[in-house]
Amino acid sequence: YETIESGSGFFQHGHTYTGHPTACAAGLAVQKTILQNNLPERVGKMGAKLQAALSETFADHPHVGDVRGRGMLLGVELVKDRDTKTPFDSSIKLHRLVKKAAMDNGLICYPAGGTADGSQGDHILLAPPYIIEETHVEELIDKLQKSIDQALSNADK
């Protein structure tokens, strides 16, 4: 700031991905905040709580084949048959139906298809913010469960 103020006053930086001073300063501020607030430890703790809650909630769901991940990056595999892990037909695009239902229900998730063999298979990736609270875990689970059930209902039509 002082350099610009005492210099020409001209500041022309702001291009994406060019390592410009503004992006570097913002990135450094983010890294400092992450460390000062002990967020890596929090990610491990809250990620484990979220994964446990997902696993418990979907333990008997006939169309959830697996819940897996690490930290705050967790995936929910959607299958036609839980026992055989047979995927849904790719033409259904179940992952997209879940994403739409989730957005309608106030949950952002990341859908993906073709994850079983390159063309078949659906999953939903969850990546909540590092500052997630325990109440948010319950809210996320409720919204995801509702969204999956709505998507499955729409897939049958």
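Label 7 Å along Cα→Cβ of Asn37; segment 131-150 residues with amide nitrogen under 15 Å?
131-134, 136
If you wrap a convex hull around the C-alpha atoms of the chain and split its volume per residue, what is the figure in Å³?
157
If you scale each eigenvalue of the Cα gyration tensor by 5 and take the root, what three semi-axes come out for segment 54-121, rounded to whole angstrom and sorted largest first?
So the three semi-axes of segment 54-121 are 18, 16, 12 Å.
In straight Cα distance, which lysines are under 26 Å from Lys45, not counting same-chain residues fewer than 8 positions off?
Lys32, Lys143, Lys146
Taking a quarter of the surface of the convex hull around the Cα atoms of segment 103-142, what do you get in nm²?
3.5
How would Ser8, Ser55 line up by accessible area, probe 1.4 Å, largest first?
The ordering from most to least exposed comes out as Ser8, Ser55.
Is there a quick way to get the dipole size of the chain? I mean about its Cα centre, with the Cβ of Lys and Arg at +1 and of Asp and Glu at -1; what is the value in debye to the nearest 20?
Magnitude of the dipole: close to 240 debye.
Loop-only GluC sites (Glu not before Pro) in segment 124-157, please: DSSP not H, G, I, E or B, and at most 14 other Cβ atoms within 10 Å.
Answer in residue order: Glu133.
Through the Karplus equation 6.51 cos²θ - 1.76 cosθ + 1.60, θ set to phi - 60°, convert the phi angles of segment 45-56 into ³J(HN,Hα) values in whole Hz; use x for Gly and Pro.
5, 6, x, 5, 5, 5, 5, 5, 5, 5, 4, 5
Place a point 7 Å from Cα of Glu56 in the direction of its Cβ. Which residues in segment 135-157 have their backbone N less than 19 Å from it?
Only 135-146 pass the distance filter.
Please work out how much length the chain gains when fully extended from Gln120 to Ser8, using 0.36 nm per residue of separation minus the C-alpha to C-alpha distance, in nm with one decimal.
Gain on stretching Gln120 to Ser8: 34.4 nm.
What FRET efficiency do you get for Ala48 and Ala112 if R0 is 25 Å and r is their Cβ-Cβ distance, rounded to the nearest 0.05?
The calculated FRET efficiency here is 0.60.
Rounded to the nearest 500, what is the chain's calculated 222 nm mean residue ellipticity when only DSSP H runs of at least 4 contribute -39500 (n - 2.57) each, over all residues?
Here the helix-only value at 222 nm equals -15000 deg cm²/dmol.
Amide H neighbours of Val64 under 5 Å, counting only residues 5+ apart in sequence or on other chains, H built in-plane at 1.01 Å?
The list, which skips near neighbours in sequence, is Val79.
Run the 1.4 Å probe and let me know the accessible area of Arg68, rounded to the nearest 10 Å².
For Arg68, solvent-accessible area is about 120 Å².
May I ask for the longest run of the chain untouched by chymotrypsin sites (Phe, Trp or Tyr not before Pro) that are loop-located per DSSP and have at most 11 neighbouring C-beta atoms (other than their own) within 10 Å?
Segment 18-157 is the longest.
Pop out the ³J(HN,Hα) list for segment 133-138 in order, Karplus 6.51 cos²θ - 1.76 cosθ + 1.60 with θ = phi - 60°, rounded to Hz; leave Gly and Pro as x.
So the Karplus estimates, Gly and Pro as x, are 9, 4, 5, 6, 4, 4 Hz.
The values are calculated or read from the model by the stated rules, or taken from the named source; none is laboratory data. Nothing here was measured: the structure is a model prediction, and the numbers come from that model. Here Cβ is always computed from backbone atoms with ideal geometry, including for glycine, and neighbour counts include all displayed protein chains. The protein model used for the area step is the full one, side chains on, heavy atoms only, and it has no ligands, DNA or RNA in it. Shrake-Rupley method; radii C 1.70, N 1.55, O 1.52, S 1.80 Å.
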